[in-house]
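The values are calculated or read from the model by the stated rules, or taken from the named source; none is laboratory data. Source: prediction; values computed, not measured. All Cβ positions, glycine included, derive from the backbone under ideal geometry; neighbour counts span all protein chains shown.
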Amino acid sequence: MIKRVNRVVLIGTGFVGSSYAFALLNQGITEELVLIDLNQNKAEGDAMDLNHGLPFAPSKTKIWFGSYADCKDADVVVLTAGANQKPGETRLDLVEKNTKIFKGIVEDIMSCGFDGIFIVATNPVDILSYVVWKFSGLPKERVIGSGTILDTARFRFLLGDYFDVDPRNVHAYIIGEHGDTELPVWSHADIAGTSISEWTKNKQGFDQDDLNHLFLNVRDAAYQIIERKGATYYGIAMGLVRLTKAILGNENSVLTVSAYLDGEYGQSDIYIGVPAVVNRNGIRQVVELELSNEEKEKFVHSANVLKKTLQPVLNNY
Ligand code: NAD
């Protein structure tokens, strides 16, 4: 009898996709990894290159350059294909190009009989997660956008750096659009169970402006990195691996992902970044934080911007 193993199919082996594949292999998360890209040479070359690292990997991963037919037995399909931001472009500027690309890709995947979980990373990720959910016909729990997983990681890193504490002990979330209208949930940010405002009391020379700037550096990180090296990929790649691990390991981990809201946070029929419990079935539940009035207002604004961007997409497809 053939033993069933975990299979991840990655569509799009550009900067983000290939970094994800590299990180996935290094952490030994899946037994099978299939690489697909419009640029077949790139995907095939990546499969060869990654295979040559196998003797140094923590566990065996079977990696090959594949086709959509490989999606049939996939547990997770990760979408990192499409255009990325050019200097000066916002994520929302990419909506038309990438929706068109996604229509073709999702139809190809579904026509092969895929019945697993989609992880979407391509921008604008909240809009494209919705589009994948619509085009695929899968239950909402099984289409997960990377949402603000990276923004939350950036926030935790910068807070840890500021207070000189390991970022893994920082519990703080960025929610809303993965983009210019995202917001920090200061009302629930803590380090080791102690609120950030407590930490500021012991911080020599503390200035409230430091925290305001810290958030601006989270929100604008992608622009800052793209200006310097043209694209961002290592951080998101590790975030996507974390999400894949939570799914395949049935972890029930809380991650800030783009999830479909059906009344939570007072919003409906939208994909947006919120903390959610993730396991083998996808999103088990959205975690509803009790937001301050100011945070509520900002979240509503963020949701409205996404809905306004989504409307023409829904009218056209
Ligand atoms: P890239 O240009 O390096 O890679 C994109 C890849 O998609 C290319 O290899 C291209 O050949 C492939 N592709 C295009 N159309 C395709 C199709 N129809 N079928 C299969 N493959 C196709 O771009 P990148 O820097 O890797 O970024 C990819 C996406 O990820 C962008 O939309 C970017 O904005 C997004 N991104 C998201 C986050 C996040 O936090 N969610 C972070 C960084 C980047």
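Of the residues making up region 22-43, those that are touching a helix residue (DSSP H, G or I) at 6+ places or on another chain (Cβ under 9 Å) and either within 10 Å of the ligand (Cβ to nearest atom) or aliphatic (A, V, I, L, M) (or both) are ALA23, LEU24, LEU25, ILE29, LEU33, VAL34, LEU35, ILE36, ASP37, LEU38, LYS42, ALA43. Residue-level analysis places LYS140 among those that are crowded, with 16+ Cβ neighbours inside 10 Å and over 23 Å from VAL218 (Cβ atoms).
Can we say ILE144 is closer than 27 Å to ILE29 by Cβ, part of a strand (DSSP E or B) and more than 11 Å from the ligand (Cβ to nearest atom)? Here the answer is yes, as ILE144 does meet what is asked.
When the residues of region 1-21 are filtered to those that are out of contact with any helix residue (DSSP H, G or I) (no Cβ under 7 Å at 6 or more places or on another chain) and more than 8 Å from the ligand (Cβ to nearest atom), which remaining residue is farthest from ASP75 (Cα to Cα)?
MET1
Among the residues making up region 270-317, those that are in contact (Cβ under 8 Å) with a residue 60 or more places away in the chain, surrounded by 17 or more Cβ atoms within 10 Å (Cβ to Cβ) and not hydrophobic (A, V, I, L, M, F, W, C) are TYR271, GLY273, PRO275, GLY282, GLU295, LYS298, SER302, THR309.
Residue by residue, here is whether (1) within 13 Å of TRP64 (Cβ to Cβ); (2) at pLDDT below 95; (3) not charged (D, E, K, R) holds:
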| site | (1), (2), (3) |
| --- | --- |
| ASN6 | no, no, yes |
| THR13 | yes, no, yes |
| SER18 | no, no, yes |
| ALA23 | no, no, yes |
| ASN26 | no, no, yes |
| GLU31 | yes, no, no |
| GLY45 | yes, no, yes |
| ASP49 | yes, no, no |
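Taking region 48-64 as the range and being within 16 Å of the ligand (Cβ to nearest atom) and crowded, with 20+ Cβ neighbours inside 10 Å as the test, only LEU50 passes.
Within region 22-52, the set of residues being touching a Ser or Thr at 6+ places or on another chain (Cβ under 7 Å) and not in a strand (DSSP E or B) comprises LEU24, LEU25, GLY28, ILE29, THR30, GLU31, ASP37, LYS42, ALA43, ASP46. Scanning region 86-95 for residues that are under 14 Å from ILE127 (Cβ atoms) and touching a residue at least 60 places away in the same chain (Cβ under 8 Å) yields THR90, ARG91, LEU92, VAL95. The set of residues in region 111-164 that are aromatic (Phe, Trp, Tyr) and farther than 29 Å from LYS86 by Cα comprises PHE114, TYR162, PHE163. With respect to (1) within 13 Å of the ligand (Cβ to nearest atom); (2) aromatic (Phe, Trp, Tyr); (3) crowded, with 19+ Cβ neighbours inside 10 Å, the lone exception for PHE215 is condition (1). The residues listed here are ILE191, ILE174, ILE225, ILE149; of these, the one that is within 13 Å of the ligand (Cβ to nearest atom), at negative phi and free of Cβ contacts under 8 Å to residues at least 40 places away in the same chain is ILE225.
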